[in-house]
Amino acid sequence: MSGNTSMRGKDFDAAATEQARRYLEEGRETFRYDTFGSEDFWGGKLKLHEAIAGEKLDGKGPGLSPKRALELGLKVDINAIPKDVAGALNRGEVDLADPARRRCRRNQVL
């Protein structure tokens with residue numbers, strides 16, 4: 001606070017706790033969403049997305065299956081997966097070895 005107003009112990013503790021909470025939340029947001037320019041390196045310079053996609057999906061080289069990409073450490077934002085895809089994953093209806101398709105239990109291609 002500014003001026004001649006001073007904070008009492010409990011008020012100060014509450015303000016400090018709130019400030020710490022805000023800093024923690026801001027830090028989490030930064031850590032989660034800020035790429036610090038790495039998207040330009042991985043996508044722009046190395047074109048990693050093209051290598052993962054492979055020639056069959058308009059990329060370069062043989063590509064990677066989703067299963068292999070996950071095994072190699074590719075991270076997935078679980079909150080960004082569409083609900084229908086998340087449901088199919090949970091039901092075991094997605095063929096992670098096939099980068100181009102997913103299959104239902106009845107072998108229907110989706």
Original post:
So GLU50 fits all but one of (1) outside any helix (DSSP H, G or I); (2) under 18 Å from ALA97 (Cα atoms); what number is the exception?
Top reply: (1)
Original post:
Hey, does region 1-10 have a residue that's at pLDDT 85 or above and open to solvent by 70 Å² or more (accessible area, probe 1.4 Å)?
Top reply: yes
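Each row is one residue, and each column tells you yes or no for (1) touching a helix residue (DSSP H, G or I) at 6+ places or on another chain (Cβ under 7 Å); (2) exposed (fewer than 11 other Cβ atoms within 10 Å of the Cβ).
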site: ILE52; (1), (2): yes, no
site: LYS60; (1), (2): yes, no
site: GLY63; (1), (2): yes, no
site: LYS75; (1), (2): no, yes
site: ALA88; (1), (2): no, no
site: ARG91; (1), (2): no, yes
site: ALA97; (1), (2): yes, yes
**OP:** Identify, by number, the condition in (1) farther than 21 Å from PHE31 by Cα; (2) touching a helix residue (DSSP H, G or I) at 6+ places or on another chain (Cβ under 9 Å); (3) open to solvent by 50 Å² or more (accessible area, probe 1.4 Å); (4) not hydroxyl-bearing (Ser, Thr, Tyr) that PRO82 doesn't meet.
**Re:** (2)
**OP:** Among residues belonging to region 21-50 that are over 15 Å from the mean Cα position of the chain (by Cα) and under 29 Å from GLU93 (Cα atoms), point out the one that is least open to solvent (accessible area, probe 1.4 Å).
**Re:** GLU50
Original post:
Limited to region 66-84, what total is found for residues that are closer than 22 Å to GLU50 by Cα and part of a helix (DSSP H, G or I)?
Top reply: 8
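The values are calculated or read from the model by the stated rules, or taken from the named source; none is laboratory data. A quick note: this is a predicted structure, and the numbers were derived from the prediction, not measured. Please note: Cβ atoms are built from the backbone with ideal geometry, for glycine as well, and neighbour counts cover all protein chains shown. Quick note on the areas: whole protein, heavy atoms, side chains included, nothing else; ligands and nucleic acids left out. Shrake-Rupley method; radii C 1.70, N 1.55, O 1.52, S 1.80 Å.
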